[in-house]
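The values are calculated or read from the model by the stated rules, or taken from the named source; none is laboratory data. Note that the coordinates shown come from a computational prediction; the quantities given were computed from them, not determined experimentally. Neighbour counts are summed over all protein chains in view; Cβ atoms, including those assigned to glycine, are modelled from backbone coordinates with ideal geometry.
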Amino acid sequence: MKTAAVLAIGNELLSGKTRDSNMHYLAGELRRLGVALRLSLFVRDEEEEIVEALHYARRKADLVLTTGGVGPTHDDVTLSAVARAFGRPLVREPRLVDAIREYYGERVNPEVLRMAEVPEGAELLQPAPFFVPVFRVENVYCFPGVPEACRLLFDAWKEVLRQSPFHSLRCELDVEEGDLAPLLQRLQAEFPALELGSYPRFGDQAPYRVLVTVEGKDRPLVDRAGAALIDQLRSCFGDDALLRVVHPDTP
């Protein structure tokens with residue numbers, strides 16, 4: 001199973017000035033593609049910190065996606081950090097120079113031409129018509145941080161990642177999570193290949209008290225674990241505790 005890590009880069013994300021949407025979007029899309037997201041990191045616009053995060057993420061996942069830090073301003077240091085992480089120099093890519101000149105026209109200046117400087121040997125992926133491409137260096141893929149640009153490029157490229165899907169079962173329960181914990185612990189031990197999750201809701205208007213999910217790539221195994229969960233829930237808490245069961249193909 002292919003695994004991924006996502007690095008969201010930008011001081012504004014860590015100061016609260018900007019609400020990140022790329023991480024949430026990529027997490028959902030990767031799940032739908034059958035790719036397990038192993039970790040996500042928010043990193044400042046500082047080259048050394050990005051390098052450290054890249055090394056860590058590459059140890060944990062098969063591919064690393066970065067968002068942000070590929071623009072023309074002083075704090076756009078993602079590509080220089082990637083070059084440093086791989087021990088490569090930055091070089092000016094003629095195709096990017098042409099694309100930038102075409103996009104900016106008479107407004108071209110030295111700062112915007114910085115966007116044409118990429119790690120030596122980087123592959124430029126242009127799955128959608130946009131003047132800033134996806135940059136690939138080995139197993140690191142660099143996307144723009146602007147949500148519309150990130151989604152445009154990722155949506156056009158993502159099918160190369162598709163693999164066998166995740167399957168899931170969801171149970172909405174009228175049970176306290178603390179009372180449910182021993183049952184879930186036993187069930188997780190019985191089905192170690194699956195991922196069991198428990199998510200409580202609070203407030204008078206909540207449609208349920210706890211949502212329990214069973215997820216995995218083996219659909220028959222998910223079904224068996226789901227049946228065992230439902231049987232044990234009814235045995236321990238009665239039929240009224242089970243409010244609703246949903247069997248989506250993917251989460």
Exercise. For ARG244, indicate whether it is among the basic types (Lys, Arg), part of a strand (DSSP E or B), in contact (Cβ under 8 Å) with a residue 40 or more places away in the chain and more than 23 Å from TYR25 (Cα to Cα).
Key: yes
Of the residues in region 131-150, those that are part of a loop (DSSP other than H, G, I, E, B) and over 18 Å from GLY10 (Cβ atoms) come to PHE131, PRO133, GLU138, ASN139
Within region 159-190, the residues that are over 21 Å from TYR141 (Cβ atoms), charged (D, E, K, R) and part of a loop (DSSP other than H, G, I, E, B) are ASP174, GLU176
For region 151-158, check the following and say yes or no: at least one residue is in a strand (DSSP E or B), of a type outside the set (A, V, I, L, M) and closer than 30 Å to VAL212 by Cα.
no
Residue hits (region 184-210; out of contact with any strand residue (DSSP E or B) (no Cβ under 9 Å at 6 or more places or on another chain) and either surrounded by 15 or more Cβ atoms within 10 Å (Cβ to Cβ) or touching a residue at least 60 places away in the same chain (Cβ under 8 Å) (or both)) are none
By residue number, the members of region 165-183 that are within 27 Å of the chain's Cα centre (by Cα) and either aromatic (Phe, Trp, Tyr) or loosely packed, with under 12 Cβ neighbours inside 10 Å (or both) are PHE166
By residue number, the members of region 1-24 that are of a type in the set (Ser, Thr, Tyr) and either closer than 18 Å to ASN139 by Cα or crowded, with 17+ Cβ neighbours inside 10 Å (or both) are THR3
>> I'd like to know if region 35-52 contains one or more residues that are farther than 24 Å from SER15 by Cα, at pLDDT 95 or above, outside any strand (DSSP E or B) and not hydrophobic (A, V, I, L, M, F, W, C).
In response: no
Checked against (1) exposed (fewer than 15 other Cβ atoms within 10 Å of the Cβ); (2) at pLDDT 95 or above, THR213 satisfies every condition except (1)
Picked from region 109-130 (must be in a loop (DSSP other than H, G, I, E, B) and surrounded by fewer than 16 Cβ atoms within 10 Å (Cβ to Cβ)), the residue modelled with the lowest pLDDT is PRO129
Per the list (1) out of contact with any strand residue (DSSP E or B) (no Cβ under 8 Å at 6 or more places or on another chain); (2) among the β-branched types (Val, Ile, Thr); (3) over 24 Å from ASN22 (Cα atoms), residue check on VAL91 breaks on (1)
Check: in contact (Cβ under 8 Å) with a residue 24 or more places away in the chain and loosely packed, with under 15 Cβ neighbours inside 10 Å, is that true of THR78?
Finding: no
If you go through region 227-246 one residue at a time, do you hit one that is aromatic (Phe, Trp, Tyr) and under 30 Å from SER80 (Cα atoms)? no
Selection from region 191-230 of residues part of a loop (DSSP other than H, G, I, E, B) and either touching an Asp or Glu at 6+ places or on another chain (Cβ under 8 Å) or not charged (D, E, K, R) (or both) yields PHE191, PRO192, ALA193, LEU194, PHE202, GLY203, GLN205, ALA206, PRO207, TYR208, ARG209
